[in-house]
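Submitted below is the structure of interest, expressed as structure tokens.
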Amino acid sequence: MKNILVTGGCGFIGANFIRLALASLDNFRLVNLDKLTYAGNPQNLADIADDPRYRFVQGDICDASLIEQLFADEQIDTVVHFAAESHVDRSITGPAAFIQTNILGTFVLLEAARKAWGDNQESLQSGRRFLHVSTDEVYGSLGATGYFTESTSYDPRSPYSASKASSDHLVSAYFHTYNLPILITNCSNNYGPYQFPEKLIPLVINNALQGKDLPVYGDGKNVRDWLYVSDHCKGILTVLEQGTLGETYNIGGNTEKQNIEVVTTICDLLDEKVGVLAGDNPRRSLIKFVKDRAGHDRRYAIDASKIKDELGWQPTVGFEEGIRRTIEWYLEHSDWVGSVMDGSYQEYYQKMYDGRPQVTSRS
Ligand code: NAD
Ligand code: TYD
């Protein structure tokens, strides 16, 4: 019997992970600790909320006494740590929350695990696991060639990636110093159901449906390596079950795309699915090139050969299929979109985009 603590389970990847865990694991209980920030929505898991294997606790990972209590009450032996502030643009306008949650919050969890699990060598044989979910953004920005491997030097360039890099270092240090049974995953950009509509793909889907501008930063040629969220979640489970303690595993989609290609693909698929805009305008006409993001990383690309060769994981959902599924999900869940885009989102969006200078129309 495993007692799993998932942090940030009401967010995008956490909610997808909990669904996968409930559907595929045996003999466990799962506690989801989530602060319910703007990015955390209990309705993401409303349909499984009554599952007897599942318990939701609203709380902050920075709250040491709450975390210690949870470890004791629930006899936690497995942690899958998703909770974070996760949006680069927000880290540029307000870095403090990123330092607090991503660095301090991770430290609080590590300390609670160390207190509950002990710090001697035997702890590594106990079967316990602390899996820290991180990002490829810690490695910085690639030029036109090359890939991030597990031994690429860290070179974070945004407050978000710097805070995730700090947390990765802390997690790794707890393995070496305290024998904490840790694992780290660094994954590329995810997309799929339940992603908050401030990130590129859901933002473009929703704006394009509403006939709103589609803001593309800079020249639109920045490259991201896209992975469908269920593949990421399967990768995390694989590392949890088979990974070597103390190791890092890169997880990636092997799907590099320029942002402009992602945006035009979504426009064309929506035109095909729901018809073009009034006046016979294709959705590509909504594309607006806007002032670039500060410190905008040019290219991310993951070399995922370690997890493939050592643990047998590889992506199963290609971009064409994944983006179709994602669009369908957003079309079928307009209520969800409406409910998460509340007043605070509108305020953020206005600050971020409505006043953002347009550069030129390159479409
Ligand atoms: P998200 O922003 O959608 O969700 C974050 C969740 O954490 C929310 O439910 C939020 O309420 C919760 N949370 C925030 N602060 C908290 C706190 N102090 N205490 C408790 N809960 C708190 O994020 P996501 O996209 O699901 O990302 C999850 C994790 O995966 C993050 O650690 C992120 O760095 C990492 N990651 C994300 C991507 C991606 O493309 N989205 C890629 C690689 C890695
Ligand atoms: P995002 O989804 O914020 O993920 P990340 O910054 O973590 O990679 O952005 C993905 C890419 O899309 C990134 O290069 C920035 C760009 N982008 C836009 O061009 N317009 C937008 O409105 C957003 C949110 C992102």
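Please compute the contact order of the chain in relative form: average sequence separation of alpha-carbon pairs under 8 Å and at least six residues apart, divided by the residue count, as a percent. Walk me through the numbers before you get to the answer.
Values: 677 pairs, mean separation 62.4, N = 363.
Computed value for the chain: 17 percent relative contact order.
How much of the accessible area of the chain, probe 1.4 Å, is carbon plus sulfur, in whole percent? Display every interim value, and only then the final one.
Numbers: 6910 of 14780 Å².
About 47 percent, which is the carbon plus sulfur part of the accessible surface.
Indicate the gyration tensor shape class of the range 60-216 (rounded, prolate or oblate), computed on the Cα atoms with a ≥ b ≥ c the square roots of the eigenvalues: a/c under 1.5 is rounded; otherwise a/b larger than b/c is prolate and the rest oblate.
Details: a/c = 2.30, a/b = 1.68, b/c = 1.37.
Prolate, since a/c reaches 1.5 and a/b exceeds b/c.
To the nearest 500 deg cm²/dmol, what mean residue ellipticity at 222 nm is calculated for the chain from DSSP H runs of n ≥ 4 alone, each contributing -39,500 (n - 2.57), summed and divided by the residues? Before the final figure, lay out each step's value.
Working: 12 runs with 138 residues, N = 363.
Result for the chain, helices only: -11500 deg cm²/dmol.
Here's a follow-up. Can you grab the distance from the C-alpha centre of the range 332-360 to the C-alpha centre of the range 39-111, Å, no decimals?
Rounded to whole Å, the Cα centres lie 25 Å apart.
Once the mean 1/r over all distinct Cα pairs of the range 166-214 is inverted, what Kirkwood radius in angstroms do you read off? If you can, show how the numbers build up before the last one.
Details: mean 1/r = 0.0726 Å⁻¹.
Its Kirkwood hydrodynamic radius stands at 13.8 Å.
Running a GNM on the chain with Cα contacts under 10 Å, which residue among 252, 235, 146 ends up with the highest mean-square fluctuation?
Maximum fluctuation in the GNM of the chain, among the listed residues, is at 146.
Starting from the exponent 0.38 and prefactor 2.2 Å, build the expected Rg for the range 1-139 from its residue count and divide its actual Cα Rg by it. Don't skip to the answer; put the middle values down first.
Numbers: Rg = 14.9 Å, N = 139, 2.2 N^0.38 = 14.3 Å.
So the Cα radius of gyration is 1.04 times the expected 2.2 N^0.38 Å.
Would you list, by chain and number, the aspartates and glutamates whose Cα falls below 15 Å from the Cα of residue 273, excluding same-chain residues fewer than 8 positions away?
Partners within reach: 320, 321, 328, 332.
Quick check: convex hull over the Cα atoms of the chain, volume per residue in Å³, rounded to an integer? Walk me through the intermediate numbers first.
Working: hull volume 46.7 nm³, N = 363.
Here the figure is 129 Å³ per residue.
Right, here's the next one. Using a Gaussian network model of the chain whose springs link C-alpha atoms within less than 10 Å, name the residue from 218, 253, 127 with the highest mean-square fluctuation.
Among 218, 253, 127, the largest GNM mean-square fluctuation belongs to 127.
I want to verify a result. In a Gaussian network model of the chain, Cα cutoff 10 Å, which of these has the top mean-square fluctuation: 87, 232, 333?
Greatest mean-square fluctuation among the candidates belongs to 333.
Nearest 5 is fine: what % of DSSP beta bridges in the chain come out antiparallel, could you say? Can you show the working numbers first?
Values: 5 of 43 bridges.
Close to 10 percent.
Ignoring ligands, DNA and RNA, what accessible area per residue does the chain give at 1.4 Å, in Å²? Working shown, then result.
Values: 14780 Å² over 363 residues.
The answer is 41 Å² per residue.
Shifting gears a bit: Which of 164/212; 35/308; 212/234; 257/351; 291/351; 2/308 have a Cα-Cα distance over 24 Å?
Details: 164/212 32 Å; 35/308 34 Å; 212/234 35 Å; 257/351 27 Å; 291/351 13 Å; 2/308 26 Å.
Violating the 24 Å limit, Cα to Cα: 164/212; 35/308; 212/234; 257/351; 2/308.
List every residue whose amide H lies under 5 Å from the amide H of residue 183, counting only residues 5 or more places away in sequence or on a different chain, with H placed 1.01 Å from N in the peptide plane.
130, 131, 132, 246
The values are calculated or read from the model by the stated rules, or taken from the named source; none is laboratory data. Owing to the predicted nature of the structure, the values given are computational and were not obtained by experimental measurement. Remember, those area values only see protein heavy atoms, side chains included, never the ligands or the DNA or RNA. Shrake-Rupley method; radii C 1.70, N 1.55, O 1.52, S 1.80 Å.
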